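J.: One structure follows; several queries about it will come next.
The values are calculated or read from the model by the stated rules, or taken from the named source; none is laboratory data. Since the model is a prediction, treat every value here as computed from it, not as a measurement. Virtual Cβ from ideal backbone geometry, glycine too; neighbours counted across all protein chains shown.
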Amino acid sequence: MLLPAMLASGKNMKPPSIAPLENRLDRMLALICRAVERHPWKTGLIFFTVTAACIPGFFRLTIETNFSRNFRESSSIVQSLRFVESRLGGVGTWEVAFDTPEQLTDDFLTDVLTLTDQIRAIGDQGNPLGVVSLADVADLPPRVRGPLWMINRMSGRFSDLIRTMYNDDQHRMRIVLRSLEQQSAESRAEQIQEVRRLIADFAAADVNVNQPQQTASGMYVLLTEIIQSLLQDQTRSFLCATAGIFLCVTIAFRSLRLGLISLAPNIFPVALLLGTLGWIGIPVNIGTAMIASVSMGLTVDSTIHYLFAFERARQTMPVSEALQHAHAGAGRAVVFAHLALIAGFSVLTASRFIPLVYFGGLMSLSMFWGVFGDLILLPLLLRWTTKDISASV
């Protein structure tokens, strides 16, 4: 509403002059249109081959769970984190909690001590794992009258310590763990899963607890679970964006054919980008998880402009001429719009936050490939599926 009003208010506004490279751009667009017209099958085979080669890479995508990878190697956060983990142990703190009998017994505390040793043994397999439990307090010397007597004795002097490990009212006990933050997603998930298995076996074997409930929680587990869900979120967002584009274009142009055709130039840059990430082994982080839906939401604008220009032109001219008309008009706008988006997203690559760097750089690449989708793949599909109005009459 604002832009037309501003343009209409200027009575003496002069038309904008031609940019220095605008004539070259027009010639390049005309050349692309003629190439698509002369070599449709070769062009289609190239797009099909590239897309087919990239799709398997999507299933090879991995996730990034190392928090320090969100910052540049030279940042103080990464340096401090590396210093602490190399000299003082892991900084990823989490915990497991489980039900206890209404009254603690020596046998139960002995079983908890055995469980603690089993969890501690997981850290001996290559990924260090620090473990602290109430059983460690109960196992302090002198070991004369059993672990329960030791806990009762310690609760008088160190009641806060006992309460942090054991809730007498809720009959819940917890074991605190420390893991390395700088480790692979597979190692983190495997370590958490192994600890959960031990806790589940321990809770199931305790006949003194009715319907035992065990949990693993903490920021370490939370971040791991969130990042593991990125691939699922990316897939869902991609499917939702695809369905939304199909419905909107179909309704806007009243054509199921155009609705299906509009998906190809929007899916192509996403498939190319994510497939390449999977093949070269770049992990998915918070930034890359948003690329699919955002890229399609931006590319579809140019697709709609091109479809509108083509459909309007083919009412009065053959399909080949309508494609040339759309290339000369909407094609120029597509190039300018994508160049502006590329320039805007490229600014994010200067950030110190790595997910923003990935988001800005990969979105710029997606916009770059979106130009090929709108100016080559889209006219190719329109040429194959559109009949001349005069011929049909």
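J.: Report, by residue number, each residue of region 233-286 that is of a type in the set (Gly, Ala, Ser) and surrounded by 15 or more Cβ atoms within 10 Å (Cβ to Cβ).
T.: First pass over region 233-286, keeping only residues of a type in the set (Gly, Ala, Ser): 237, 241, 243-244, 252, 255, 259, 262, 264, 271, 275, 278, 281.
The answer is SER237, ALA241, SER255, GLY259, SER262, ALA264, ALA271, GLY275, GLY278.
J.: Among the residues of region 324-361, write down those that are under 24 Å from LEU380 (Cα atoms), touching a Gly at 6+ places or on another chain (Cβ under 9 Å) and aliphatic (A, V, I, L, M). Outline the logic, then answer.
T.: Here is the first cut: in region 324-361, the residues under 24 Å from LEU380 (Cα atoms) are 324-339.
From what is left, the residues that are touching a Gly at 6+ places or on another chain (Cβ under 9 Å) are 334, 338.
The answer is VAL334, and nothing else.
Listed here are the residues, each with its yes/no results for (1) touching a helix residue (DSSP H, G or I) at 6+ places or on another chain (Cβ under 7 Å); (2) in the same structural domain as ILE32 (by TED's automatic domain parsing); (3) crowded, with 20+ Cβ neighbours inside 10 Å; (4) not charged (D, E, K, R).
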position	(1), (2), (3), (4)
MET290	yes, yes, no, yes
MET296	yes, yes, yes, yes
ALA309	yes, yes, yes, yes
ARG312	no, yes, no, no
HIS327	yes, yes, yes, yes
VAL335	yes, yes, no, yes
LEU362	yes, yes, yes, yes
PHE372	no, yes, no, yes
ARG383	yes, yes, no, no
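J.: I'd like to verify a number: residues in region 236-287 that are at positive phi, without any contact (Cβ under 8 Å) to a residue 60 or more places away in the chain and within 25 Å of the chain's Cα centre (by Cα), how many? It would help to see each step written out before you state the result.
T.: Quick first cut of region 236-287, residues at positive phi only: 254, 281.
In the following step, the residues that additionally are without any contact (Cβ under 8 Å) to a residue 60 or more places away in the chain were identified as 254.
After this cut, where a residue has to be within 25 Å of the chain's Cα centre (by Cα) as well, the list is none.
Qualifying residue count for the region: 0.
J.: Still on this structure, please answer the following. Restricting attention to helices (runs of 4 or more DSSP H) lying wholly within region 167-264, give those where 3 or more residues are among the aromatic types (Phe, Trp, Tyr) and in the same structural domain as THR51 (by TED's automatic domain parsing).
T.: Numbers: elements: 185-205, 219-228, 230-253, 256-261.
Where helices (runs of 4 or more DSSP H) fall fully within region 167-264 and carry at least 3 residues being among the aromatic types (Phe, Trp, Tyr) and in the same structural domain as THR51 (by TED's automatic domain parsing), they are 230-253.
J.: Looking only at region 123-157, which residues are farther than 21 Å from LEU177 by Cβ, out of contact with any helix residue (DSSP H, G or I) (no Cβ under 7 Å at 6 or more places or on another chain) and not aliphatic (A, V, I, L, M)?
T.: Of all residues in region 123-157, those farther than 21 Å from LEU177 by Cβ come to 141-146, 148-150, 152-157.
From what's left, out of contact with any helix residue (DSSP H, G or I) (no Cβ under 7 Å at 6 or more places or on another chain): 141-145, 149, 152-153, 156-157.
Of everything in region 123-157, those that are farther than 21 Å from LEU177 by Cβ, out of contact with any helix residue (DSSP H, G or I) (no Cβ under 7 Å at 6 or more places or on another chain) and not aliphatic (A, V, I, L, M) turn out to be PRO141, PRO142, ARG143, ARG145, TRP149, ASN152, ARG153, GLY156, ARG157.
J.: Also: Looking at this structure, is GLU37 modelled with pLDDT of 80 or more, surrounded by 15 or more Cβ atoms within 10 Å (Cβ to Cβ) and assigned to a helix (DSSP H, G or I)? Even if it seems obvious, please write down each step before you answer.
T.: Values: modelled with pLDDT of 80 or more: yes; surrounded by 15 or more Cβ atoms within 10 Å (Cβ to Cβ): yes; assigned to a helix (DSSP H, G or I): yes.
It is true that GLU37 is modelled with pLDDT of 80 or more, surrounded by 15 or more Cβ atoms within 10 Å (Cβ to Cβ) and assigned to a helix (DSSP H, G or I).
J.: Moving on. If you check every pair at least six apart or on different chains, which have Cβ atoms under 7 Å apart with a residue in region 65-82 that is on the phi < 0 side of the Ramachandran plot first and a residue that is surrounded by fewer than 18 Cβ atoms within 10 Å (Cβ to Cβ) and small (Gly, Ala, Ser) second?
T.: Hits for this filter: THR65/ALA185.
J.: What helices (runs of 4 or more DSSP H), lying completely within region 344-393, carry at least 1 residues that are at pLDDT 90 or above?
T.: Numbers: elements: 354-372, 378-385, 389-392.
Filter on region 344-393 gives 354-372, 378-385.
J.: Against the definition (more than 14 Å from GLY370 (Cα to Cα), part of a helix (DSSP H, G or I) and in contact with a helix residue (DSSP H, G or I) (Cβ under 9 Å, 6 or more places away or on another chain)), how does THR276 come out, yes or no?
T.: Details: more than 14 Å from GLY370 (Cα to Cα): yes; part of a helix (DSSP H, G or I): yes; in contact with a helix residue (DSSP H, G or I) (Cβ under 9 Å, 6 or more places away or on another chain): yes.
In short, yes.
J.: On to the next question. Can we say ALA313 is under 16 Å from the mean Cα position of the chain (by Cα) and either hydrophobic (A, V, I, L, M, F, W, C) or closer than 19 Å to GLY373 by Cβ (or both)?
T.: Values: under 16 Å from the mean Cα position of the chain (by Cα): no; either hydrophobic (A, V, I, L, M, F, W, C) or closer than 19 Å to GLY373 by Cβ (or both): yes.
Answer is no for this residue.
J.: Quick check on ILE192: is it closer than 28 Å to ARG82 by Cα, modelled with pLDDT under 75 and crowded, with 16+ Cβ neighbours inside 10 Å?
T.: Values: closer than 28 Å to ARG82 by Cα: yes; modelled with pLDDT under 75: no; crowded, with 16+ Cβ neighbours inside 10 Å: yes.
Spelling it out, it is not the case that ILE192 is closer than 28 Å to ARG82 by Cα, modelled with pLDDT under 75 and crowded, with 16+ Cβ neighbours inside 10 Å.
J.: Scan region 83-113 for residues that are among the polar types (S, T, N, Q), under 26 Å from GLY146 (Cβ atoms) and in contact (Cβ under 8 Å) with a residue 12 or more places away in the chain and jot them down. Write out each step before concluding.
T.: Looking only at region 83-113, we keep the residues that are among the polar types (S, T, N, Q), and these are 86, 93, 100, 103, 105, 110.
The next check asks that each one be under 26 Å from GLY146 (Cβ atoms); those that pass are 100, 103, 105, 110.
Within region 83-113, THR100, THR105, THR110 meet the criteria.
J.: For PHE158, state whether it is farther than 22 Å from TYR220 by Cα, at pLDDT 85 or above and among the aromatic types (Phe, Trp, Tyr). Talk me through it step by step, then tell me what you get.
T.: Working: farther than 22 Å from TYR220 by Cα: yes; at pLDDT 85 or above: no; among the aromatic types (Phe, Trp, Tyr): yes.
The answer is no for PHE158.
J.: Okay, next question. Considering only region 47-153, give the helices (runs of 4 or more DSSP H) lying wholly within it that have at least 1 residues that are modelled with pLDDT of 85 or more and farther than 30 Å from PRO283 by Cα. Before you say what the answer is, go through the steps one by one.
T.: Numbers: elements: 76-87, 106-122, 134-138.
Hits in region 47-153: 106-122.
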